[in-house]
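The values are calculated or read from the model by the stated rules, or taken from the named source; none is laboratory data. Please read these numbers as outputs of a predicted model, since none were measured by experiment. Using ideal geometry, Cβ is built from the backbone for each residue, glycine included, and neighbour counts are taken over all protein chains shown. In case anyone asks, the SASA skips ligands and DNA or RNA and just uses the protein heavy atoms, side chains included. Shrake-Rupley method; radii C 1.70, N 1.55, O 1.52, S 1.80 Å.
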Amino acid sequence: DQTMTTQMRDANARIFEEDRAVVEAQQRTLDEMPDAIHNLNTDAGAVWARRAIERMVAAERAIPHN
């Protein structure tokens, strides 16, 4: 049903726009003070993923590319 799809898309867009100011403020803080992050137990999955990605990026950068 296209009407339902449109309504859901519009609702999701409104919700995101409501959160935009908070997300942007959080990003500015992370950019300005990256060492100020305090991880909680509930962040374990995200912390693990971020560290895994950082390791993969470092490994990729170490490989000589022709």
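Assorted remarks:
- Gaussian network model of the chain, Cα within-10 Å springs - most flexible of R28, R20, R51: R51
- I63-M8 pseudo-label distance in nm [points 7 Å out on the Cα-to-Cβ vector]: 3.8
- What a 1.4 Å probe finds exposed on the chain is 58% carbon and sulfur by accessible area, rounded to a whole percent.
- For region 1-58, taking the reciprocal of the average inverse distance between every pair of different Cα atoms yields a Kirkwood hydrodynamic radius of 14.4 Å.
- Computed FRET value (nearest 0.05) for E54 with Q27, which takes r as the C-beta separation and R₀ as 22 Å: 0.80
- 3J(HN,Hα) along region 49-58: 5, 4, 5, 5, 5, 4, 5, 5, 5, 4 Hz, from the Karplus curve 6.51 cos²θ - 1.76 cosθ + 1.60 with θ = phi - 60°, whole Hz, x for Gly and Pro.
- Signed unit charges on C-beta, dipole axis of the chain, positive-most listed residue T6, T29, M56: M56
- Cβ charges +1 (Lys, Arg) and -1 (Asp, Glu), total dipole of the chain, debye: 280
- Accessible-area value, E60, 1.4 Å probe, nucleic acids and ligands omitted, Å²: 90
- Rolling a 1.4 Å probe across the protein heavy atoms gives the chain an accessible surface of 94 Å² per residue.
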